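Inspection log for the structure reproduced underneath, given as structure tokens.
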Amino acid sequence: MKFCPSCDTLAIPAAYSETGCNIFAKNSDRDVTEAQPLIFFQAEDHVNEKMVQCTYIPVEQVQHTYAMIGSKPWWIWGFEMGVNEWGVAVGNEAEWANVPVADADALLGMDLVRLGLERSKTAREALHVIIRLLERYGQGGACKYGTSRSDSAYHNSFILADPLEVYLLETVDRHWVYRRLNDVQGISNVYSIGREYDAASKDIDIFAESKGLHTAGQPFDFSKSFMLLNYHYMGGFSRSQWSTKMLRGKRGHLNAENVLEILRGHYEGDTIENRWSAVGGCVPCVCMHGSEPTHTHSAASMVVEYHKTAYRELLFTYWGSVCPPCCSIIVPFYNAGYIPRKLGAGENYYDEASFWWKVNRMAADIESNYERYHGWLDETRKNTEKEFRRKDIEVRGQAEAMLKEGKADEARKILNSFTDECLSIAETMVEKLTEEIENDMRNIPGEIYRAAYLDSYRKKVNMPIGRGPDEEETRSDLL
Ligand SMILES: [Zn+2]
């Protein structure tokens, strides 16, 4: 393993939220050069299709797959996270264990996320779909673009939610444990389940014993047996503990806004308050920023806010953003069969037609002088997002009135037009701010350490460099 990807997933059972409905949230941390498009797949029948090709291996196809929205690293078949037409939301976490990942191509954790979404009407069903596929096909394969299995394969944990239940599933090789969650839980790149679980794979204790990780006759503890205690992976402890603590402190008051604040968090109010800065490089925070072109950063974020409703179209609002969420803006999506096409564009080089790359350019500009430019974004974003949230309630009310009259098409049109409207406002804001920051950057250079990273990063992905050639020369001299 030569790199340390990360992610953070938050499970919020109903008792903790403002509306008495579950909330699911995730930051997907991926390679800084890898776009993560947001895509809608419609429901499909597969009458003559026996197998479906995942990232590395084919698996047996089912007769029908459900519609879903997924956040998909461009070269991977599966999803980092997503939500389907029944309101099932799933996201995974990379985990390292003191048992090696099988050295064979198998299912990626991301493939299992998508397969779970495609084949389930409830979180519990998705849990069992993933377990069955894991036992049958195993997990493994390179998770980082252009690397080998030995460089980037990992085990996985999953949070699975629907409007009624939330589960935590943790796996090692083809073994697993799960627990239904009644309490908030932030998970990261370290196992969370110890001795308390609802079910485990057959002979998991014997498997641990065969590896010298468990003593027969002692109570079986999943984390204690399999967690790899390694200097490089310790960031997961502080991140999951911080996010869980932040969630717990807001019992009964959690909503899309303050959950998003946690996804945008860098230990504010805690460990390194006022000492953190994106300019300072890679601190393993919940909101992750890269500091080398081979590192990871938060590539996409989602907050699925469930609603009490009689209509499937209104089951949830999916608040999505791309790139490190503290340097981005949210847009709402609905269970209405639509994601704007420009969100599906983007690969591993800068692309003006891709919303992901446009936001990433602005994020890189902000990171070049975080103290100065983050305030510029925050000033505009605060009111815009507040307005999006206010109108979300209004628009869902209008759609519900249409649904009551049996006008489902009209209802979907209202919801999807609102998505388009918000995306257009977000894109205009990103373009305007990028221009303003880049004009300013020509006069006020960023902090030198950060500038070195950003220069090499921009070159690597062919991203326009937002300052004049003279200054670039001067800075090269300094380095
Ligand atoms: Zn951040």
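Of the residues that sit in segment 262-287 and are more than 10 Å from the ligand (Cβ to nearest atom) and assigned to a helix (DSSP H, G or I), which one is modelled with the highest pLDDT?
The residue in question is 262.
When you scan segment 135-171, how many residues do you find that are more than 21 Å from the chain's Cα centre (by Cα) and among the hydrophobic types (A, V, I, L, M, F, W, C)?
Of the residues in that region, 1 qualify.
Among the residues of segment 52-96, count how many are among the hydrophobic types (A, V, I, L, M, F, W, C) and either part of a strand (DSSP E or B) or not assigned by TED's automatic domain parsing to the domain that holds residue 34 (or both).
The number of residues fulfilling the criteria is 9.
Condition check ((1) under 30 Å from residue 415 (Cβ atoms); (2) within 21 Å of the chain's Cα centre (by Cα); (3) surrounded by 17 or more Cβ atoms within 10 Å (Cβ to Cβ); (4) at pLDDT 95 or above) across all residues:
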| residue | (1), (2), (3), (4) |
| --- | --- |
| 294 | no, yes, no, no |
| 305 | yes, yes, yes, yes |
| 330 | yes, yes, yes, yes |
| 339 | yes, yes, yes, yes |
| 352 | yes, no, no, no |
| 358 | yes, yes, yes, yes |
| 373 | no, no, yes, no |
| 379 | yes, no, no, no |
| 386 | yes, no, no, yes |
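What residue, among those in segment 308-328 that are more than 16 Å from the ligand (Cβ to nearest atom) and assigned to a loop (DSSP other than H, G, I, E, B), is surrounded by the fewest Cβ atoms within 10 Å (Cβ to Cβ)?
Per the stated criteria, the residue is 310.
Out of 414, 366, report the one residue that is within 16 Å of the ligand (Cβ to nearest atom), of a type in the set (Val, Ile, Thr) and either buried (at least 18 other Cβ atoms within 10 Å of the Cβ) or farther than 21 Å from residue 257 by Cβ (or both).
Going through 414, 366 in turn, the sole match is 366.
The values are calculated or read from the model by the stated rules, or taken from the named source; none is laboratory data. Only a predicted model underlies this, so the values are computations on that prediction, with no experimental measurement involved. Virtual Cβ from ideal backbone geometry, glycine too; neighbours counted across all protein chains shown.
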